[in-house]
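Values quoted throughout were computed directly from the atomic coordinates according to the rules given, and no laboratory measurement underlies them. This is a predicted model, so every value here is computed, not measured. Backbone-built Cβ (ideal geometry, glycine too); neighbour counts: all protein chains shown.
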Amino acid sequence: MTPILLLGAGRMGGALIDGWRKAGAFALSDLMVRDPHPTTELQALAGLAVNPPDEELGRAKTVLLAVKPQLWREAAAQAAPHLAPDAVIVSIAAGVSAADISRAFGGRHVARVMPTTAVAIGQGTASLYAADPDARARAHALFAPVASVADLDDEDLMHAATGVSGSAPAYLYAFVEALEAAGVAAGLSEDVSKTLARSTIAGAAALLNASGEDPAELRRQVTSPGGTTQAALEVLMADDGFGPLLEKAVAAAVRRSKELG
């Protein structure tokens, strides 16, 4: 499946390179990057081919389409004429259908993946759809070393996966941001509130992952009847609380994912 050509090495492409290096998944000499504005850090990686000439692109067995959704057609038009006929395209462009990508890349097989940036530390999540078994296997090989991979049987579910997973790290960061501000409003210093909020959320997430318990059960375990946690949850789980708010947020992400396609 190598060499691997990354079309775009921004936030997500760079995170994948970091994750692969830490996991020992692929040698830098097996990676090529096409990016109009490569970072200094990227260019300093010994063995990584940054912006190789067009004739080198034909060596790529796997092509990771990692540009922003608004730029994917331009990237495809520039690369497709130089690729080998059997190159497999793995796209992480939100909202863009496999059929559209395949057409733009001359009918080549396509897998779609929606990953999270935690691939950089080997703790990512990746939603995956591919109609072709070989493309599915190729995408698994790319992401399994750095992420938990969830296979989807229907491409339309990629929109929901984007709302629930691909966009969700930002939801958590926004929650922690608001929790820190609430701590300051309650009288804590900024430094203390930041330490408490970040460490508590990180620890709770680690426990959820390690225990395998249902989140509702973990919530019940730390909620004493009539205590402080119950008082807070009566606000957060009210009729206008977390449930309907997150449902609206995911629905908005789904709508935007469809618009981008």
Checklist entry - Using the count of nearby Cβ atoms within 10 Å as a rough guide to exposure, how do 136, 103 rank from fewest to most? => result 103, 136
Next on the checklist: Let me test this: with uniform point scatterers at the alpha carbons of the chain, what is the Debye-based log₁₀ I(q)/I(0) at q = 0.09, 0.11, 0.13 1/Å?
Outcome noted: -0.49, -0.69, -0.89
Item to check | Most positive-pole-ward Cα, 171, 117, 230, against dipole of the chain from beta carbon charges | outcome: 117
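Could you please rank 119, 149, 184, placing first whichever residue has the fewest other Cβ atoms within 10 Å of its Cβ? Mind dumping the intermediate values first?
Details: 119 25, 149 18, 184 15.
Least to most surrounded, the residues fall as 184, 149, 119.
Kyte-Doolittle cut-off 0.0, length cut-off 30 Å along the helix's own axis using Cα: show which whole DSSP H helices in the chain pass.
Values: long enough: 190-211 (31 Å, 0.35).
Counting only whole DSSP H runs, the qualifying helices are 190-211.
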Item to check | Whole-Å semi-axes of region 4-156's equivalent ellipsoid (Cα gyration tensor) | outcome: 21, 19, 13
Item to check | Lys, Arg +1 and Asp, Glu -1 on Cβ, resulting dipole of the chain about Cα centre, debye, nearest 20 | outcome: 400
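Taking other Cβ within 10 Å of each residue's Cβ, how do 82, 140, 159, 37 sort, fewest first? Please report the intermediate quantities before stating the final value.
Numbers: 82 16, 140 19, 159 22, 37 7.
Result, fewest neighbours first: 37, 82, 140, 159.
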Checklist outcome for this item: Cα convex hull volume per residue for region 118-261, in Å³, equals 150
